[in-house]
Structure formats: C-alpha cells, structure tokens
Amino acid sequence: MSDYLIKILTDKIVASLPKEKREIYDYVINIEDKIAEEAGSAEEFMVRLKSESPHKRAANHFDMTLLELLQTINDIDREIAAQLETKIQLVRWKDYTEVVRARIGVPLNQKVFLLSLPQ
C-alpha cells in the first residue's frame, strides 16, 4: 500500500480520536516533524530531540509528567496502529479499466481503478 494512502487513513484515524488525545498527538507530532524537517540527518534529529526536549515541553504544555506524556503517546500510537491495520484490510481496489475504456476511451497501456476506503 502506498505511503500516501497510509497517510490518508492515518489522518482519518487521528481525526476520529477524542479531542484530548488528538490535541496531544498533533502537538507532539508537529514538534517532531518540525525538528525532522530542520535536521540534516537522522543523527542530528536524535541529538536535537535530546537537547531541545520537545517531549518535556509537550508534557508541560498539557500539565503532565514526562512519563505520563510518553505513556499517553505510546497508547495513542498503539490505538492508531490497530485501527490502521483494520482499515488497511478493508481497503478495496476494483479494476474499472474496461468500464471507463468503453465510456471515454483509455489507452490500452493504462489501467483505471476504483478505490474504496473504509469510514
């Protein structure tokens, strides 16, 4: 399955989380993504995570201990992973090449698929 489709499904799952979990998850992911974008390498990313303590900042922001925040993030990650696995199993690809070819003409070297995503 493509990374793009995984991101779409993950975003749907995150959007369906309870408000508090969604806010914590989005806050931490946004901080991590910003550091990742600015870091030149995986090593620099890890060094910056350690030196800038974004998880401590997030814990303070949500009035939690660092341990509580990390446990919450791990719980959310597990919840997302479980739902993602289920949603991936429910994705359906239907070959509509012949239907579309008959109606509007699709070159013989192309395929057309209908993608059905779970709610």
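What follows is calculated from the coordinates using simple rules that are stated; it is not laboratory data. Please read all numbers here as calculations on a predicted model, not as lab measurements. Cβ atoms come from the backbone with ideal geometry, glycine included; neighbour counts cover every protein chain shown.
Some observations on this one:
- Karplus-based coupling profile of the range 85-102, in residue order and whole Hz: 4, 5, 5, 4, 5, 8, 5, 10, 10, 10, 6, 10, 4, 5, 4, 5, 4, 5, with θ = phi - 60° in 6.51 cos²θ - 1.76 cosθ + 1.60 and x standing for Gly or Pro.
- Rounded to the nearest 20, the size of the Cβ-charge dipole of the range 3-90 about its Cα centre is 180 debye, with Lys and Arg at +1 and Asp and Glu at -1.
- Given their separation in residues at 0.36 nm each and the Cα-Cα distance between them, residue 90 and residue 52 gain 9.7 nm when the chain is fully extended.
- Annotation for residue 81 and residue 97: the two label points, set 7 Å from Cα along the Cα-Cβ direction, are 3.7 nm apart.
- Once the Cα atoms are used to define both axes, helix 3-16 deviates from the longest principal axis of the chain by about 60 degrees.
- Nearest-ten-degree value, helix 42-52 long axis tilted from longest Cα axis of the chain: 40
- Calculated Rg and Dmax of the chain using C-alpha coordinates, Å: 20.0, 62
- Between residue 106 and residue 30, the contour length at 0.36 nm per residue exceeds the alpha carbon distance by 23.2 nm.
- Ordering of 102-115, 61-74 by packing [mean C-beta count within 10 Å, highest first]: 61-74, 102-115
- Annotation: extensible slack from residue 23 through residue 6 equals 4.1 nm (criterion: 0.36 nm per residue apart, minus Cα-Cα distance).
- Cross-link partners of residue 50 among lysines, defined as those whose alpha carbon lies under 16 angstrom from its own and excluding same-chain residues fewer than eight positions apart: 34.
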